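Participant: Handing you a structure now.
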Amino acid sequence: MIAHKKIKILVVDDELSIRESLSGWLQQDGYQVETAPGGLTALAIAQETHYDIMLLDVKMPEMDGLTLLKKFKKGILTR
C-alpha cells in the first residue's frame, strides 16, 4: 500500500475556486497535490510527473474531462 503522504493527486478544473478548494482540502489531509486549469496543461504536466489519482472536471472549454481521460488511457497503454 502507498503511504498516505506519498500519494500524488492532480486536480484539473477550469474554475480557479474549485481547484483551490479541492487542492487545499487534500493538502490538509497530507496529500501531494498539483493543479491544472485545463486538459492541455494537464497532459503536459502528466508527462513530467506520475500521479496516483487524477480528479477531472467533465465540462471544460478546451478539452472535456472524458476526452482527457481517453488521452491519458491511450498514453498509458502505448508506453
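Participant: Take the range 35-79 and flag every residue that is among the hydrophobic types (A, V, I, L, M, F, W, C) and part of a loop (DSSP other than H, G, I, E, B).
Facilitator: Correct list: Val58, Met60, Met63.
Participant: Something else now. Of all residues in the range 1-60 being among the β-branched types (Val, Ile, Thr), over 22 Å from Lys74 (Cβ atoms) and more than 9 Å from the chain's Cα centre (by Cα), which is most open to solvent (accessible area, probe 1.4 Å)?
Facilitator: Ile2
Participant: For a quick check of your reading of the model, give me the residue pairs whose first member lies in the range 44-60 and is within 17 Å of Gln27 (Cβ to Cβ), whose second is part of a loop (DSSP other than H, G, I, E, B), with beta-carbon atoms closer than 6 Å and at least 6 apart or on different chains.
Facilitator: From residues that are within 17 Å of Gln27 (Cβ to Cβ), the pairs are Asp52/Ile7.
The values are calculated or read from the model by the stated rules, or taken from the named source; none is laboratory data. None of these values were measured; they are calculated from a predicted model. When we count neighbours, we look across all protein chains shown, and the Cβ atoms used for this are built from the backbone with ideal geometry, even at glycine. With ligands, DNA and RNA removed, areas are computed over all heavy atoms of the protein, side chains included. Shrake-Rupley method; radii C 1.70, N 1.55, O 1.52, S 1.80 Å.
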